[in-house]
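The values are calculated or read from the model by the stated rules, or taken from the named source; none is laboratory data. Predicted model only: the values in this text are computed from it and were never measured. Here Cβ is always computed from backbone atoms with ideal geometry, including for glycine, and neighbour counts include all displayed protein chains.
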Amino acid sequence: MLKIGHLKSGGIISINDEGIMREGTVVSISPEENQALVNNGVQEFWFTPEEMYAIPLDEDQLLKLGFTREDESDGSVKYKKDSFRLVTPKKGDFSNIEMWWREDRRHFSFPLSVHELQNLHLDMTKVHLDKL
């Protein structure tokens, strides 16, 4: 379950579409109705928080968002997109993430979801982070 207040237009989430889990993109939010309009690739439909789920951030998701991977000599992994950087302590460990863009550096000692990364990227760079 996701909170409507944590979603923004363009956020990539998972939805329960009549028992079938699908990936979708948030089109718009209706705080008054406590729903989000989500495009699941087939149609746009309004969903409640109980029908929406976060997609855990992992390497596959980062690559779909256009990041490139670079293995570091200390075993950490750096993911790059333009001048935005994200580092994990080792391959597959997304529970401790450091990210930066210019002088803005942030550290998270808990796993992030795809829509949270999109929100952070937008906040830091003022550029939307979309799938390729």
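Of note:
- Search result, residues across segment 93-115 that are surrounded by 13 or more Cβ atoms within 10 Å (Cβ to Cβ), acidic (Asp, Glu) and out of contact with any His (no Cβ under 8 Å at 6 or more places or on another chain): 93
- Test: residue in segment 23-31 that is surrounded by 13 or more Cβ atoms within 10 Å (Cβ to Cβ), at pLDDT 95 or above and part of a loop (DSSP other than H, G, I, E, B): no
- Within segment 71-123, the residues that satisfy the criterion of being assigned to a loop (DSSP other than H, G, I, E, B), at negative phi and of a type in the set (Asp, Glu) are 72, 74, 93, 103.
- Among residues of segment 17-31, those that are under 21 Å from residue 60 (Cα atoms) and in contact with an Asp or Glu (Cβ under 9 Å, 6 or more places away or on another chain), counted: 2
- Candidates 66, 41: the one that is modelled with pLDDT of 95 or more, under 25 Å from residue 127 (Cα atoms) and assigned to a loop (DSSP other than H, G, I, E, B) is 66.
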